[in-house]
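Please read the structure below before turning to the comments.
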Amino acid sequence: MSAQPDSYAVMGHPIAHSKSPRIHSLFAAQTGQNLEYRAILVEPGGFAAAARAFRQAGGRGLNVTVPFKQDAWVFADILSARAERAGAVNTLIFEAGGVRGDNTDGPGLVRDLTVNHQYPLAKRRILLLGAGGAARGVLQPLLLERPAQLVIANRTANKARDLVLRFSDLGPVSGCGLAELAGRQFDLIINATAAGLQDAVPPLPEGVLAAGGWCYDLMYGSEPTAFVRWGQAHGAARSVDGLGMLVEQAAESFRLWRGVWPETGPVIAALRNG
């Protein structure tokens, strides 16, 4: 008789669209790991109870997506340094001694840019749009790559400046409102706003993308996102979505749970091909 597979899941609201079950089943097949992975819809306010029940039923770990990453941060007994800093958790590891929380979003973004797209981040002028949970999750790993500068721009300038206070010891980071970007130029613009959900783009001044600059959207879709289209229309050398980041952050979660690194390239290709 074969052993019962270890149980993992992703929790969120909504969750039906999640590609995580397919990603982790591809990782498991590739690495010979005996596990099952499913998506669980959790009602707002119900995260802690759902996570506790999953663990008590023998679950080994969870991925956590919108809107529960801060709930997961509170739920964890032990936090990694990057999760502590981000104030958000997307990966929970259930161990005998307690629940470990980590955030693999930032490492996933950095790996997708630097390895898959071969775009070095050192000495680049980076503009990060948005100051919510998505931005918080990627700031520390981006700053550790030693960019020339990192500017956080948000509709509400004070939210951007609050984030700067949390991360200013890590490198040259500043915050401003979107209107204050006039006359400035950046080598890489990363969209961490939710504007794409309405097929919109934050209002950006003309000329903000430097010649030869890149655009990167944390969101992804079967069609180019609004921000990817904006980058293409404004002469970006490359304008890419966050599908690679999704697979890379999942690979980091998989490694934390199973102790093995899956190959991400074939999985990204499989998802691109539908």
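Across region 8-34, the number of residues qualifying as aliphatic (A, V, I, L, M) and surrounded by fewer than 19 Cβ atoms within 10 Å (Cβ to Cβ) comes to 3. Given the condition farther than 19 Å from A251 by Cβ, touching a residue at least 24 places away in the same chain (Cβ under 8 Å), of a type in the set (S, T, N, Q) and not assigned by TED's automatic domain parsing to the domain that holds L218, answer yes or no: does some residue in region 64-79 qualify? Yes, region 64-79 has at least one match.
Is there a residue in region 240-249 that is farther than 21 Å from H24 by Cβ, modelled with pLDDT under 95 and either out of contact with any Cys (no Cβ under 7 Å at 6 or more places or on another chain) or part of a strand (DSSP E or B) (or both)? Talk me through it step by step, then tell me what you get.
Residues of region 240-249 that are farther than 21 Å from H24 by Cβ, as a first pass: 240.
Filter once more, so that each one left must be modelled with pLDDT under 95: none.
Scanning region 240-249, I find no residue that is farther than 21 Å from H24 by Cβ, modelled with pLDDT under 95 and either out of contact with any Cys (no Cβ under 7 Å at 6 or more places or on another chain) or part of a strand (DSSP E or B) (or both), so the answer is no.
Taken over region 155-212, the criterion of being in a loop (DSSP other than H, G, I, E, B) and either surrounded by 17 or more Cβ atoms within 10 Å (Cβ to Cβ) or among the hydroxyl-bearing types (S, T, Y) (or both) is satisfied by T156, G171, A192, T193, V201, P202, L204, V208. Pairing each residue of region 222-250 that is of a type in the set (S, T, N, Q) with any residue that is surrounded by fewer than 19 Cβ atoms within 10 Å (Cβ to Cβ) and in a loop (DSSP other than H, G, I, E, B), provided the two are 6+ apart or on different chains, yields C-beta distances under 9 Å for S222/G274; T225/D199; Q232/P224; S239/P224. Taking region 80-113 as the range and being under 19 Å from F254 (Cα atoms) and among the hydrophobic types (A, V, I, L, M, F, W, C) as the test, the residues that pass are A81, A83, A88, V89, L92, I93, F94, A96, V99, L109, V110. Those residues that are more than 14 Å from S7 (Cα to Cα) and in contact with a Gly (Cβ under 8 Å, 6 or more places away or on another chain), I need them from region 19-69; list them, please. L41, V42, V64, T65, V66, P67, F68, K69 - these are the residues of region 19-69 that are more than 14 Å from S7 (Cα to Cα) and in contact with a Gly (Cβ under 8 Å, 6 or more places away or on another chain).
Just the residues that are of a type in the set (K, R) and part of a strand (DSSP E or B), please, taken from region 120-139. Even if it seems obvious, please write down each step before you answer.
From region 120-139, those of a type in the set (K, R) are 123-125, 136; that's our starting set.
Scanning region 120-139 gives a single hit, R125.
The values are calculated or read from the model by the stated rules, or taken from the named source; none is laboratory data. In this text, all values refer to a predicted model and were calculated from it rather than measured experimentally. Note that each Cβ is placed from the backbone with ideal geometry, even for glycine, and that neighbours are counted across all protein chains shown.
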